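J.: Before I ask anything, let me first share the structure, which is written out below as structure tokens.
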Ligand code: SF4
């Protein structure tokens, strides 16, 4: 199973910066939302580089906090949004009901070296191939690993 997951992540992400635009969008929106935040101003303008501190900021949930840690601080984290949650359940990597559970389960089975790029990769994959409705299983590069494929 762990091997299949590694192969699939690699097949989905041949370029190291695939999905970077998506992460950049999050960082920009995060920065705008915090520009007048008193807790950041009190912290000499520095954005925290720790998950629990980020989660205390207004409007920041686990997904945004993990993207900030990953894209902003180059840390190994997995940001789970609707694409990551849906696709990893379809692939059978996890069997979870919530994005938070998905994050915890993925961290158990995916080697750390893939965490950083997982969100951006699966967002692009979810927008173009494994769409919420009518996924394009016939052209999917990992369909042979997927128990949910419809060919
Ligand atoms: S085979 Fe279909 S359901 Fe499975 S990952 Fe590919 S597009 Fe998604």
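J.: Please report Rg over Rh for segment 109-151, where both radii come from the alpha carbon positions and Rh follows the Kirkwood definition.
T.: In segment 109-151, Rg relative to Rh is 1.01.
J.: Cut-off is 10 Å between beta-carbons; in what order do 94, 60, 68 appear when sorted fewest neighbours first?
T.: The fewest-first ordering by Cβ neighbours comes to 60, 94, 68.
J.: Assuming a viscosity of 1.002 mPa s and a temperature of 20 °C, what translational diffusion coefficient in µm² per second does Stokes-Einstein assign to segment 82-145, Rh being the Kirkwood radius over Cα pairs?
T.: Taking Rh from Cα pairs, D becomes 177 µm²/s.
Where a number appears in this text, it was derived from the coordinates with a stated rule and is not lab data. Only a predicted model underlies this, so the values are computations on that prediction, with no experimental measurement involved. So basically every Cβ, Gly included, is an ideal-geometry build from the backbone, and we count neighbours across all protein chains shown.
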